[in-house]
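A quick write-up on the structure given underneath.
All of the numbers you see were taken from the coordinates with simple rules; none came from a lab. What you are looking at is a predicted structure, and each value in this text was computed from that prediction instead of being measured. Glycine also receives a Cβ, built like all others from the backbone with ideal geometry; neighbour counts cover every protein chain displayed.
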Amino acid sequence: MTHLQTGLSPETLEKAKVELKENPETLHQDIQEVRDMIITRPDIGFLRTDDAFIIRFLRARKFNHFEAFRLLAQYFEYRQQNLDMFKNLKATDPGIKQALKDGFPGVLSNLDRYGRKILVLFAANWDQSRYTFVDILRAILLSLESMIEDPELQVNGFILIIDWSNFTFKQASKLTPSMLRLAIEGLQDSFPARFGGIHFVNQPWYIHALYTVIRPFLKDKTRKRIFMHGNNLNSLHQLIHPEILPSELGGMMPPYDMGTWARTLLDHAYDEETDYCPESYTLSVQDLERDLEKNLSPKTMKRSQSVVEPGVLKRPDKVKSEEDNMQPLLSLD
């Protein structure tokens, strides 16, 4: 075992070897192979190229050198293309702080049976008068940056649960295709995290409509890991044991304290009052949203089987049963 594997339990070391093809004898060579490709992308500023950083991308792509480098390049390219989104990426930033305090994201203390960290989002908590969807995305990315420092999570990965209970149509209308595409590009294509599952619970019909819009932007691997449970929490519990879930998700743990993860990141700054006025909020985020709407490719949107105009959700003539909704999604690769 090299120093780059320090912190991994014996079980995780074996998992890294079997599932990720991680070989301690060739680890430094693997890292150098990725580092040597940097010269092929002079258009990108690679701000970190140290061993501990690059190994995250190798683990995220099962030590496929080319795929790991492509993810590394996309990580920095995404940040270059969305400079405003990464300005003041700190927990104390007013928008990020408010999102964190409302549980965007929430992070459960217990890992699942595969050693994965569980993130929970209670969608109805989104206070759209105080922070934007971009703030929520920034809070999630900041949280992942903190957690991915843990080598155990680099190997074992994450689970995301989104509870749509009481999430209104008005709130959903703010989830434009451009904003959702921004999130997909940031999480699926540009971050070195292994997501073992994305679980929707209590989703209303208009969330299904949104899913048809974003589905073309999802990789096949991602689609297979999206589970639509509806109000059938038993199907959720078949994959994630209720012993580690909060009561809101039908689990045996106490109700989730939305401030748990926020207090971890904010520490003493958690209770400080924040002067936050939506009218005076930095125009950079608003400009970013306008640019995204402007640049959204019509050709790409045509790939969607059911076209839904940005911000306009149409109720389907017939809503599929929960069994129909789950049938094509409940599969693991």
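How far is it, in nm, from the label point at ILE184 to the one at GLU19 when both lie 7 Å from their Cα along the line to the Cβ?
2.5
Counting only C-alpha contacts under 8 Å and six or more residues apart, can you give the relative contact order of the stretch 196-265 as a whole percent?
27
To the nearest Å, what is the center-to-center distance of the stretch 85-102 and the stretch 233-260, using C-alpha atoms only?
With the stretch 85-102 and the stretch 233-260 each reduced to a Cα centre, they are spaced 26 Å.
Can you give the FRET efficiency for GLU243 and ASN166, using 1/(1 + (r/R0)^6), R0 = 25 Å, r = Cβ-Cβ distance, to the nearest 0.05?
Calculated transfer efficiency: 0.45.
Rounded to the nearest 0.05, what FRET efficiency do ASP127 and LYS224 give with R0 = 25 Å and r taken as the Cβ-Cβ distance? Could you check?
0.15
Contour minus end-to-end for ASP50 and ASN231, with contour as 0.36 nm per residue of separation and end-to-end as the Cα-Cα distance?
Going from the current span to full extension adds 60.6 nm.
What's the Kirkwood radius of the stretch 91-269 in Å, using all Cα pairs?
16.5
Below 13 angstrom from the Cβ of ARG48, what's the summed charge of the other residues (Lys, Arg +1; Asp, Glu -1)?
Once all neighbours under 13 Å are counted, the net charge is -1.
Just flag the trypsin sites (Lys or Arg not before Pro) in the stretch 32-105 sitting in loop per DSSP whose Cβ has no more than 11 other Cβ atoms within 10 Å.
ARG48
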